[in-house]
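Everything on this sheet refers to the single structure shown next.
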Amino acid sequence: MPDKNRKKFIIVLIATIAVYAVIRVLEGTEIINPYWQRVLDQALIMTMGALGLSIIYGFTGQFSLGHAAFFGLGAYSAGLFAKLYNSDHSMFLFIVSLLIGAAVAGLLALLIGLPILRLRSDYLGIATLGFGIIVKVGMDNSNKLISALGGATGMSGTPQIANFDWLFIFLILIVLFVRNFVYSSYGRACTAVREDEIAADVLGINTTKIKVMAFVLGCALAGMAGGMYAHRYPFLHPSSFDFLKSFDFLLVVVLGGLGSITGTVVTAIAWVFLLEVLRFVLGETFIDFRGVIYALILIVAIIMRPQGIFSGKEVGFLVPKPFDTLVGRKDGVNAGSGS
Amino acid sequence: MENLADQIINGLQLGLMYALIALGYTMVYGVVKLINFAHGDVFMVGAFVGYFGFTQWGMSVPLAVLTAMVVCSALGVIIERIAYRPLRYAPKIAALISALGVSLFLEFFSSLKFVFGPNYRVVQRPFEEVHWNVLGLNITNIQVIVFVTVLIMLALLQFLIYRTKVGMAMRTVSVDHNAARLMGVNVDNTISMTFAIGSAFAAAGGVLYAIAYPQIHPFMGIMPGLKAFTAAVLGGIGIIPGAVLGAIIMGQVETLTSAFLSSQLRDAIAFFILILVLLVRPTGILGRNEPDKV
């Protein structure tokens, strides 16, 4: 490992531990009360799911409006597994159920992705939106197949194991994974497909394979985030995973800037907090205006930064050595938003 | 068999209302290549204005429909001017996000107590529902009103697009903005005009919807909007006859599944058919499959 990289690694490691320590200290002194802790945990889960969509749309350019369906599939399958093996709340079962969540979402993504990923842009968006609605109807009627899933009345009873520590560790691991994927040869192929599918094809990239792989990977991440959700919030309901939730993921990825891991992470956390801060700032009398202000912020933000807040830029440590001179320049590897 | 025929008529009623909404989606997509997610909420505003028209402002139904159409065309033009025009030459996804923002804004703003209020309202119909028995079919006066209104509006649209200068301008802009400008077409005005017409159609659809299914609330536009938009994609987005065809198919699928299979599976089956159709015809039933250009 070259000297400079090792130094960077140590700095990032220290920074990560410092962020963790600061949050834990604030928690200990009750500046962060359980309410804000819940919000923070939700922001971390949102980030994981949004990183999945970032791979699919931000880096590979495949328009998906059904991301929440995979998030929900992960949540329900992980939740169901943990509920059925309720006997001991062991960490091993927790990890296994997260992997099951990711696997179920990934497998369904493979089955649906193989046929529909040959659709282009808006048509792909509608097909995934349709899939999301089918999954939602399935969840609403799931109790007819397995009564433990609860159907339209929702499901509870999943052991609540995921706490801030787990979420933080998993988020760091997922960010590292996404970074390594994006700068691997597969990730480069994804970016090539996003920029120009025909050119990528001509270069010898198996575009179908790359698109399906990115889709499966992104959806599996959503499934894992869903598994986390099931272990953090005791009540799962189909309406938490409908197409409006898919739009939440989409606007985080777009507002953050397509093709930017930093953008997705920062925007996901900021967006979840914005909603709660608005509740706090507006108080009892103006709480009705929350949705209006939220919508106005969204419109103003996208008009002011149509290319997204971080459009193709990355914080230094998210860019491995050979690429760090390219990113962020106009002709750099991540430039352009691949519309 | 009679029951089947009745259900087909019910489906046609629903489908024709979807058609009014779908036309707005498809026309806007034709000229600016944008999925106007706020369109379903314009439909909602139309339903509310019409409702206030014939219940509180003492208007006759045709006048209420006209008022709703005028209000909504103004709304459509304002939305385009504020939220979409600044993003016209930005990446397409930016305008889509802006459209989502406008949609949320209209929903939450309408829910405010001093606007429409957050509650469901039951619509007092301005006239009684009358059932007629024609050749063994059960037909209501509401169905007749819906059929007649939609057919008149479709004829009007056909005339507008193929027989007037505005229509010609719209067709030109849908091919190429720059070429249209070189031909002397005022692109901005034409786009505004398209939004105005599309929104007026949605408003008419909204008032009819409120009369046919008499319950309205600020979030009522989401599902019909989504279905209508799906119908437009099913028929081939950007193609006007496609929108009508898609909407009629959508209405039939939905009504027939809820009547003979299960009303809970209605949406799932409608979207399943959409995905199947897209797999066979990736650009919709009437869509042109353009070859890849390098």
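Inspect region A:295-316 for any residue being among the acidic types (Asp, Glu), more than 7 Å from chain B (Cβ to nearest Cβ) and within 30 Å of A:Tyr183 (Cα to Cα) and give the result as yes or no. Yes. Exactly one residue out of B:Tyr29, B:Tyr51 is under 28 Å from B:Ala180 (Cα atoms), out of contact with any Cys (no Cβ under 7 Å at 6 or more places or on another chain) and not charged (D, E, K, R), and it is B:Tyr29. Regarding region A:314-330, can at least one residue be identified that is in a helix (DSSP H, G or I), of a type in the set (A, V, I, L, M), modelled with pLDDT under 85 and farther than 27 Å from B:Asp41 by Cβ? Among the residues of region A:314-330, at least one is in a helix (DSSP H, G or I), of a type in the set (A, V, I, L, M), modelled with pLDDT under 85 and farther than 27 Å from B:Asp41 by Cβ, which makes the answer yes. A:Leu119 meets all of the listed conditions (1) within 14 Å of chain B (Cβ to nearest Cβ); (2) assigned to a helix (DSSP H, G or I) but one, namely (2). Please tell me if A:Ala225 is of a type in the set (Gly, Ala, Ser), away from chain B (no Cβ under 14 Å) and within 21 Å of the chain's Cα centre (by Cα). Considered against the rule, which asks whether it is of a type in the set (Gly, Ala, Ser), away from chain B (no Cβ under 14 Å) and within 21 Å of the chain's Cα centre (by Cα), A:Ala225 comes out as yes.
Go through A:Ile55, A:Ile23, A:Ile14, A:Ile10 for me and flag whichever is among the β-branched types (Val, Ile, Thr), buried (at least 22 other Cβ atoms within 10 Å of the Cβ) and not in a loop (DSSP other than H, G, I, E, B). Walk me through how you get there before you give the answer.
Numbers: A:Ile23 fails: buried (at least 22 other Cβ atoms within 10 Å of the Cβ); A:Ile14 fails: buried (at least 22 other Cβ atoms within 10 Å of the Cβ); A:Ile10 fails: buried (at least 22 other Cβ atoms within 10 Å of the Cβ).
Unique residue meeting the criteria: A:Ile55.
Of note, A:Gly157 satisfies the criterion of being more than 12 Å from chain B (Cβ to nearest Cβ) and touching a residue at least 12 places away in the same chain (Cβ under 8 Å). In region B:202-288, counting only helices (runs of 4 or more DSSP H) that sit wholly within it, the ones holding 1 or more residues that are in contact (Cβ under 8 Å) with a residue 12 or more places away in the chain and away from chain A (no Cβ under 12 Å) span B:222-235, B:240-260. Can you confirm whether A:Leu171 is within 30 Å of A:Thr262 (Cβ to Cβ), in contact with an Asp or Glu (Cβ under 9 Å, 6 or more places away or on another chain), away from chain B (no Cβ under 14 Å) and part of a helix (DSSP H, G or I)? Answer is no for this residue. If you go through region A:138-148 and pick out every residue that is of a type outside the set (D, E, K, R) and within 12 Å of another protein chain (Cβ to nearest Cβ), you end up with 5.
Every residue, every condition in (1) in contact with a Gly (Cβ under 6 Å, 6 or more places away or on another chain); (2) more than 23 Å from B:Pro91 (Cβ to Cβ); (3) modelled with pLDDT under 90; (4) crowded, with 16+ Cβ neighbours inside 10 Å, yes or no:
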| position | (1), (2), (3), (4) |
| --- | --- |
| A:Ser156 | no, yes, yes, no |
| A:Ile161 | no, yes, yes, yes |
| A:Trp166 | no, yes, yes, yes |
| A:Arg194 | yes, no, no, yes |
| A:Val202 | no, yes, no, no |
| A:Thr208 | no, yes, no, no |
| A:Lys211 | no, no, no, yes |
| A:Gly218 | yes, no, no, yes |
| A:Phe235 | yes, yes, yes, no |
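Against the numbered list (1) under 21 Å from B:His217 (Cα atoms); (2) within 17 Å of the chain's Cα centre (by Cα); (3) surrounded by fewer than 22 Cβ atoms within 10 Å (Cβ to Cβ), B:Val77 comes up short only at (1). Taking (1) charged (D, E, K, R); (2) in contact with a helix residue (DSSP H, G or I) (Cβ under 6 Å, 6 or more places away or on another chain); (3) under 21 Å from A:Thr47 (Cβ atoms) in turn, A:Arg290 satisfies each apart from (3). Only residues that are hydrophobic (A, V, I, L, M, F, W, C), assigned to a helix (DSSP H, G or I) and surrounded by fewer than 24 Cβ atoms within 10 Å (Cβ to Cβ): list them for region B:164-190, please. Passing the criteria: B:Val166, B:Met168, B:Ala169, B:Met170, B:Val175, B:Ala179, B:Ala180, B:Leu182, B:Val187. Filtered by the rule that a residue be within 14 Å of chain B (Cβ to nearest Cβ) and touching a residue at least 24 places away in the same chain (Cβ under 8 Å), region A:183-196 gives A:Val193, A:Arg194, A:Glu195.
Is one or more of the residues making up region B:135-150 over 21 Å from B:Gly46 (Cβ atoms), among the hydrophobic types (A, V, I, L, M, F, W, C), outside any helix (DSSP H, G or I) and in contact with a strand residue (DSSP E or B) (Cβ under 9 Å, 6 or more places away or on another chain)? For region B:135-150, residues over 21 Å from B:Gly46 (Cβ atoms), among the hydrophobic types (A, V, I, L, M, F, W, C), outside any helix (DSSP H, G or I) and in contact with a strand residue (DSSP E or B) (Cβ under 9 Å, 6 or more places away or on another chain): present. All conditions but one from (1) aliphatic (A, V, I, L, M); (2) touching a strand residue (DSSP E or B) at 6+ places or on another chain (Cβ under 6 Å); (3) surrounded by fewer than 24 Cβ atoms within 10 Å (Cβ to Cβ) apply to A:Ala75; the one that does not is (3).
For region A:39-48, the criterion of being surrounded by fewer than 24 Cβ atoms within 10 Å (Cβ to Cβ), in contact with a Pro (Cβ under 9 Å, 6 or more places away or on another chain) and over 22 Å from A:Ala214 (Cβ atoms) is met by no residue.
In summary, helices (runs of 4 or more DSSP H) completely within region B:19-121 and bearing 1 or more residues that are within 14 Å of another protein chain (Cβ to nearest Cβ) and basic (Lys, Arg) occur at B:92-111.
Residues to consider are A:Val96, A:Val135, A:Val104; find the one that is among the aliphatic types (A, V, I, L, M), away from chain B (no Cβ under 12 Å), assigned to a helix (DSSP H, G or I) and crowded, with 21+ Cβ neighbours inside 10 Å. Spell out the reasoning first.
Numbers: A:Val96 fails: crowded, with 21+ Cβ neighbours inside 10 Å; A:Val135 fails: away from chain B (no Cβ under 12 Å).
So the residue among A:Val96, A:Val135, A:Val104 that is among the aliphatic types (A, V, I, L, M), away from chain B (no Cβ under 12 Å), assigned to a helix (DSSP H, G or I) and crowded, with 21+ Cβ neighbours inside 10 Å is A:Val104.
Can you tell me which of A:Val272, A:Val281 is part of a helix (DSSP H, G or I), more than 21 Å from A:Leu171 (Cα to Cα) and more than 12 Å from every other protein chain (Cβ to nearest Cβ)?
Working: A:Val272 fails: more than 21 Å from A:Leu171 (Cα to Cα).
The conditions single out A:Val281.
The values are calculated or read from the model by the stated rules, or taken from the named source; none is laboratory data. From a predicted model like this one, the values you see are computed outputs, not experimental measurements. Methodologically, a virtual Cβ is constructed for each residue, glycine included, from the backbone with ideal geometry; neighbour enumeration extends over all protein chains shown.
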